[in-house]
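What follows is one structure encoded as structure tokens, with my remarks underneath.
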Amino acid sequence: DAGITQSPRYKITETGRQVTLMCHQTWSHSYMFWYRQDLGHGLRLIYYSAAADITDKGEVPDGYVVSRSKTENFPLTLESATRSQTSVYFCALKDSLSTDTQYFGPGTRLTVL
Amino acid sequence: AQRVTQPEKLLSVFKGAPVELKCNYSYSGSPELFWYVQYSRQRLQLLLRHISRESIKGFTADLNKGETSFHLKKPFAQEEDSAMYYCALLTGGGNKLTFGTGTQLKVEL
């Protein structure tokens, strides 16, 4: 579990500001994912990446941007934060050789005022 | 489209009582299902997956394709089982997890 970190762990921002959440892995897992966790919705996939420079939309991508220039980093950017983006954000990893198990980061609690 | 349903938001049981957390799914392909657990303010952890047919921390789950269910069971609840439990379905060629809305299990003394 220590192989996947997220920063910051807590963030408070204002509506309209740009915010970037970072996910970093010390392994070299191919797949990385961003989820948001909300009461009544569970976890919903925002974006995922199969490898460096390869990203794809998940279930709720609107308002978010991702990039993956390096295998170990997968930043998630809210270009203009809205209150509806107040949530807990989890990053996850999966090895391309594994058919199923995803490993989750500790999460970032984001509040948009 | 795929869907995972966990009908109970909160399940409260007494210590030593049996536990059953319900999960139903809707998917046109061959399902691969998982249970993840999240203890208070911690990251999600894989609890078990149906293909391995294992028992973790006394929990088991059987895939019932006829009823499209994957209920999580434990014969005797322990206080440390109190957590949020998520059922998840693997789709997207094995790369995407669709989660249910979760069930908060509270084990009372």
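The values are calculated or read from the model by the stated rules, or taken from the named source; none is laboratory data. From a predicted model like this one, the values you see are computed outputs, not experimental measurements. With ideal geometry, Cβ positions are generated from the backbone for all residues, glycine too; neighbour counts draw on all protein chains shown. With ligands, DNA and RNA removed, areas are computed over all heavy atoms of the protein, side chains included. Shrake-Rupley method; radii C 1.70, N 1.55, O 1.52, S 1.80 Å.
How about region A:24-74: which of its residues are under 16 Å from A:K94 (Cα atoms) and part of a loop (DSSP other than H, G, I, E, B)? Walk me through it before giving the result.
Initial filter on region A:24-74 (under 16 Å from A:K94 (Cα atoms)): A:24-35, A:45-52, A:54-56, A:58, A:68, A:70-74.
Once the filter is applied, which keeps residues that are under 16 Å from A:K94 (Cα atoms) and part of a loop (DSSP other than H, G, I, E, B), region A:24-74 yields A:T26, A:W27, A:S28, A:H29, A:S30, A:A52, A:G58, A:R68, A:K70, A:T71, A:E72, A:F74.
Take A:T111 and tell me if it is away from chain B (no Cβ under 13 Å), open to solvent by 20 Å² or more (accessible area, probe 1.4 Å) and within 23 Å of B:G94 (Cβ to Cβ). Spell out the reasoning first.
On the way: away from chain B (no Cβ under 13 Å): yes; open to solvent by 20 Å² or more (accessible area, probe 1.4 Å): yes; within 23 Å of B:G94 (Cβ to Cβ): no.
Spelling it out, it is not the case that A:T111 is away from chain B (no Cβ under 13 Å), open to solvent by 20 Å² or more (accessible area, probe 1.4 Å) and within 23 Å of B:G94 (Cβ to Cβ).
Which of the residues belonging to region B:90-101 are surrounded by fewer than 23 Cβ atoms within 10 Å (Cβ to Cβ) and within 18 Å of B:F59 (Cβ to Cβ)?
Listed by number, the list holds a single entry, B:F99.
Check off (1) basic (K, R); (2) away from chain A (no Cβ under 13 Å); (3) more than 11 Å from the chain's Cα centre (by Cα) for B:K22 and give me the number that stays unchecked.
(3)
In this structure, does A:G58 turn out to be open to solvent by less than 30 Å² (accessible area, probe 1.4 Å) and within 14 Å of chain B (Cβ to nearest Cβ)?
Judged against the criteria, A:G58 is a match.
Considering only residues that are among the small types (G, A, S) and either modelled with pLDDT under 90 or touching a Leu at 6+ places or on another chain (Cβ under 6 Å) (or both), which ones fall in region B:59-75?
Passing the criteria: only B:A61.
Which ones in region A:5-46 are under 16 Å from the mean Cα position of the chain (by Cα), modelled with pLDDT under 95 and of a type in the set (A, V, I, L, M)?
Hits for region A:5-46 are A:M32, A:L43, A:L45.
Give region A:73-99 a look and list any residue that's over 13 Å from the mean Cα position of the chain (by Cα) and surrounded by fewer than 19 Cβ atoms within 10 Å (Cβ to Cβ), or say none. Write out each step before concluding.
Going through region A:73-99, the residues over 13 Å from the mean Cα position of the chain (by Cα) turn out to be A:79-84, A:86, A:94-99.
A:E79, A:S80, A:T82, A:R83, A:S84, A:T86, A:D95, A:S96, A:L97, A:S98, A:T99, listed by residue number.
Would it be correct to say that B:L46 is within 11 Å of chain A (Cβ to nearest Cβ), open to solvent by less than 60 Å² (accessible area, probe 1.4 Å), touching a strand residue (DSSP E or B) at 6+ places or on another chain (Cβ under 9 Å) and under 24 Å from B:Q2 (Cβ atoms)?
yes
Starting from residues that are in contact with a helix residue (DSSP H, G or I) (Cβ under 9 Å, 6 or more places away or on another chain) and without any contact (Cβ under 8 Å) to a residue 40 or more places away in the chain, keep the ones in region B:60-71 and report whichever is surrounded by the most Cβ atoms within 10 Å (Cβ to Cβ).
Per the criteria, the residue is B:A61.
Read through the list (1) under 30 Å from A:R9 (Cβ atoms); (2) open to solvent by 60 Å² or more (accessible area, probe 1.4 Å); (3) more than 9 Å from chain A (Cβ to nearest Cβ), then give the number of the only condition that B:D81 fails.
Tallying (1) under 30 Å from A:R9 (Cβ atoms); (2) open to solvent by 60 Å² or more (accessible area, probe 1.4 Å); (3) more than 9 Å from chain A (Cβ to nearest Cβ), B:D81 fails exactly one: (2).
Run B:W35 past the list (1) more than 11 Å from the chain's Cα centre (by Cα); (2) free of Cβ contacts under 8 Å to residues at least 60 places away in the same chain and report the number of the one that doesn't hold.
Answer for B:W35: the failing condition is (1).
Give the residue that is farthest from the other protein chains (Cβ to nearest Cβ), with candidates limited to residues of region A:83-105 that are outside any strand (DSSP E or B) and either of a type in the set (D, E, K, R) or in contact with a strand residue (DSSP E or B) (Cβ under 6 Å, 6 or more places away or on another chain) (or both).
It comes out as A:R83.
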